[in-house]
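Below is one structure, written out as structure tokens; the observations come after it.
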Amino acid sequence: MTAPLATYPLSALREAGRMFALGATLSGMAFRRPFQVREFVEQFWFIASVTILPTALVSIPFGAVTSLQVGSLTQQFGAQSFTGAASVLVVIQQASPMIVALLVSGVAGSTICADIGARTIREELDAMEVLGVSPVQRLVVPRVLACVAVAFLLNGLVSVVGVAGGYYFNVMMQGGTPGAYVASFSALAQLPDLYVGEAKALLFGFVAGIVAAHRGLNPRGGPKGVGDVVNQSVVITFLLLFLLNLVITGIYLQVVPPKGG
């Protein structure tokens, strides 16, 4: 029992290194000719079609809960005028990129992992390599770039829907003032808050696509192994996203001073 347990850290580091190497390889091949435009468009449309509605539906209650909670706290401190700004900062900086990334990885990432994993166990990728076709450039690159593009665009949708939902619930259910809610945006919010949210969405979409592709390229145990790597890809992606969000937020708060600070 001791020997296998001792190999777990090394195995995890080895897998992390392979995943990093795949990301570096993909970055080098991203815009190398020939670029699979048709595959990219098809994957983009598929990912967008299966994530737009769930993302919008999730962002409404999330924005509402955030606004209600922040509004309740600001009322206790007598700072109701800052409810709008605080709610918008939470939605744009934290909630929006995470919602998009979790849905993209859970819906699109699992599909990508299952598709590539099925191709791997059927030895289609080996056949492509024999024919001189790179499986990474042909299959992985357009799928990962589609995840990045969809995550970037969906982040804007979630931000708008989340802020609108928070505005409605704060004004209608907590008796907030519409003018004060909107005017408070300029009190605390600033453009770098929007930039960091979009940057997070890009990075999270890239990570979700890389993890899904990496696990799909390395299934074990036949068809059952494909199901296992799909579950693993979702769990690994969630853990990485929360860790990256913590690191990026910490760096951002140190580099970009708060408005008026």
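The values are calculated or read from the model by the stated rules, or taken from the named source; none is laboratory data. Because the structure is a prediction, the values reported are computed rather than measured. Counting neighbours? That spans all protein chains shown, and the Cβs are built from the backbone with ideal geometry, glycine included. To get the accessible areas, we keep the full protein, side chains included, count just its heavy atoms, and leave off ligands, DNA and RNA. Shrake-Rupley method; radii C 1.70, N 1.55, O 1.52, S 1.80 Å.
Of the solvent-accessible surface of the chain, computed with a 1.4 Å probe over protein heavy atoms with every protein chain present, carbon and sulfur atoms account for 71 percent.
Taking 0.36 nm per intervening residue step and subtracting the Cα-Cα distance, what contour gain separates MET172 from TYR252 on full extension? Present the calculation step by step, with values, prior to reporting the outcome.
Details: separation 80, 0.36 × 80 = 28.80 nm, distance 3.34 nm.
Full extension of this stretch gives 25.5 nm more.
Relative to the longest principal axis of the Cα atoms of the chain, the long axis of helix 141-173 lies at roughly 20 degrees. Of the trypsin sites (Lys or Arg not before Pro) found in the range 154-237, those that fall in a DSSP loop while having at most 14 other beta-carbon atoms within 10 Å are ARG220. The length gained on full extension between SER72 and ARG33, counted as 0.36 nm times the residue separation minus their Cα-Cα distance, comes to 8.6 nm. Over the range 80-230, all Cα pairs binned in 10 Å intervals from 0 give whole-percent P(r) values of 12, 31, 23, 16, 11, 6, 1, listed from short to long.
D by Stokes-Einstein for the chain, Kirkwood Rh over Cα pairs, 37 °C, 0.692 mPa s: 165 µm²/s.
Against the chain, whose longest principal axis comes from its Cα atoms, helix 110-121 is set at around 0 degrees.
Note on VAL41 and ALA24: their simple-model spin labels are 3.5 nm apart, each label 7 Å out from Cα toward Cβ.
How much length would be gained if the chain were fully extended between ASP228 and GLU123, taking 0.36 nm per residue of separation minus their Cα-Cα distance, in nm to one decimal? Can you show the working numbers first?
On the way: separation 105, 0.36 × 105 = 37.80 nm, distance 1.81 nm.
Going from the current span to full extension adds 36.0 nm.
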